[in-house]
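In what follows, a single structure is set out as structure tokens and then discussed.
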Amino acid sequence: MIYKRVALIGLGLIASSMFWGMKRGALAGEVTGYARSAETRDTARRIGLCDRVCDSLAEAVQGADLVVLCVPVGVMGAVAAEMAAHLAPGATVTDVGSVKREVINAVGPHLPHGVHFVPGHPLAGTEHSGPESGFAELFDNRWCLLVRVPGSDPQAVAQLHAFWEGLGSNVETMDADHHDLVLAVTSHAPHLIAYTMVGVADDLGRVTDGEVIKYSAAGFRDFTRIAASDPTMWRDVFLNNKKATLEILGRFTEELFALQRAIRTGDGDHLHAYFTRTRAIRRGIIEAGQDTDAPDFGRGSTR
């Protein structure tokens, strides 16, 4: 057991997967949970998600030595302000948001002295959401990034590091601004591109009587999987990581223009060299154990 009591605030995919992972690894003595929606709380109780589902934020965090914010980035500051007076001295507060600098700015000022803030981000997920979507294996062999803030308590960081390792993650510490730039490349910009491509296909589908959907090839299907992700979460990600996302989108636009020019001028050498270089990135991802080379993008027909 790493923590005596863990409070999960927000009961969607990540929180539910954390709960089942904690049970698998016996990482916590008790897990409390809270969600703003009464319907979500009722669902959590029905499926046995959390040892105790609370009807107020204050009740959920009371006595917890780890509080995990699993809510959209845009409301983390408000949640931190609401729970601050009810946090136990010496507790650790962390989060699972895909943006770090704005979360630090929003949450940090509300936390009382003696409460340790260790921002985090598990790089794991699916296109599904809600309390019934979680599973214990979600974090296995995936990365979880922890961010040190000024005055971070080394023991609190080490304890949270061990906790995420217990959930199956590989753990690394990273600066907040560097995190936001890296994630703009690996997650945020790709999601925005996927949303755009699916939107274009939707417009075209109205002209082709749905043939875009009917004849979807694997590449487009993967775009639709990404574009099915939670819209509230991704709205907040883009609004809170503007600088890095816009920088990467600018670079993407430059690359896209270069490819357009190569196609227009028939420059096959440029296209072949470009595709050869980018193909190596895929091999690197497989070799790093972050996906497989199995058909259907390594996912098969399960999740």
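Every residue, every condition in (1) among the hydrophobic types (A, V, I, L, M, F, W, C); (2) at pLDDT 95 or above; (3) assigned to a strand (DSSP E or B), yes or no:
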{"position": "74", "(1), (2), (3)": "no, no, no"}
{"position": "77", "(1), (2), (3)": "no, yes, no"}
{"position": "82", "(1), (2), (3)": "no, yes, no"}
{"position": "125", "(1), (2), (3)": "no, no, no"}
{"position": "138", "(1), (2), (3)": "yes, yes, no"}
Quiz item: Name the residues in segment 18-36 that are in contact with a strand residue (DSSP E or B) (Cβ under 9 Å, 6 or more places away or on another chain), among the hydrophobic types (A, V, I, L, M, F, W, C) and under 11 Å from residue 166 (Cα atoms), would you?
Solution: 18, 22, 27, 28
Quiz prompt | Of the criteria (1) within 21 Å of the chain's Cα centre (by Cα); (2) surrounded by fewer than 18 Cβ atoms within 10 Å (Cβ to Cβ), which one residue 72 fails | solution = (2)
Practice problem: Identify, by number, the condition in (1) under 20 Å from residue 5 (Cα atoms); (2) under 11 Å from the mean Cα position of the chain (by Cα); (3) of a type in the set (Ser, Thr, Tyr) that residue 94 doesn't meet. | Solution: (2)
Self-check item: Qualifying residue in segment 2-23 (condition: among the polar types (S, T, N, Q) and within 23 Å of residue 144 (Cα to Cα))
Solution: yes
Quiz item: Could you say whether any residue in segment 218-226 is of a type in the set (Phe, Trp, Tyr) and either within 23 Å of residue 149 (Cβ to Cβ) or modelled with pLDDT under 80 (or both)?
Solution: yes
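Here is a yes/no grid of residues against (1) assigned to a helix (DSSP H, G or I); (2) modelled with pLDDT of 75 or more; (3) among the polar types (S, T, N, Q):
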{"residue": "163", "(1), (2), (3)": "yes, yes, no"}
{"residue": "197", "(1), (2), (3)": "yes, yes, no"}
{"residue": "200", "(1), (2), (3)": "yes, yes, no"}
{"residue": "206", "(1), (2), (3)": "yes, no, no"}
{"residue": "212", "(1), (2), (3)": "yes, no, no"}
{"residue": "232", "(1), (2), (3)": "yes, yes, yes"}
{"residue": "244", "(1), (2), (3)": "yes, yes, no"}
{"residue": "248", "(1), (2), (3)": "yes, yes, no"}
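Go through segment 27-40 and give me each residue that's farther than 17 Å from residue 14 by Cβ and not in a strand (DSSP E or B).
Selection gives 38, 39.
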Exercise. Could you please find all residues in segment 23-43 being surrounded by fewer than 24 Cβ atoms within 10 Å (Cβ to Cβ) and touching a residue at least 60 places away in the same chain (Cβ under 8 Å)?
Key: 23, 24, 25, 27, 40, 43
Self-check item: All positions within segment 84-110 that are among the acidic types (Asp, Glu) and not in a strand (DSSP E or B)
Solution: 102
Quiz prompt | Verdict on residue 113 being more than 26 Å from residue 229 (Cβ to Cβ) and part of a loop (DSSP other than H, G, I, E, B) | solution = yes
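The values are calculated or read from the model by the stated rules, or taken from the named source; none is laboratory data. Just so it is clear, the model here is predicted, and its values are computed rather than measured. Cβ sites come from the backbone with ideal geometry, for glycine too, and all protein chains shown count toward neighbours.
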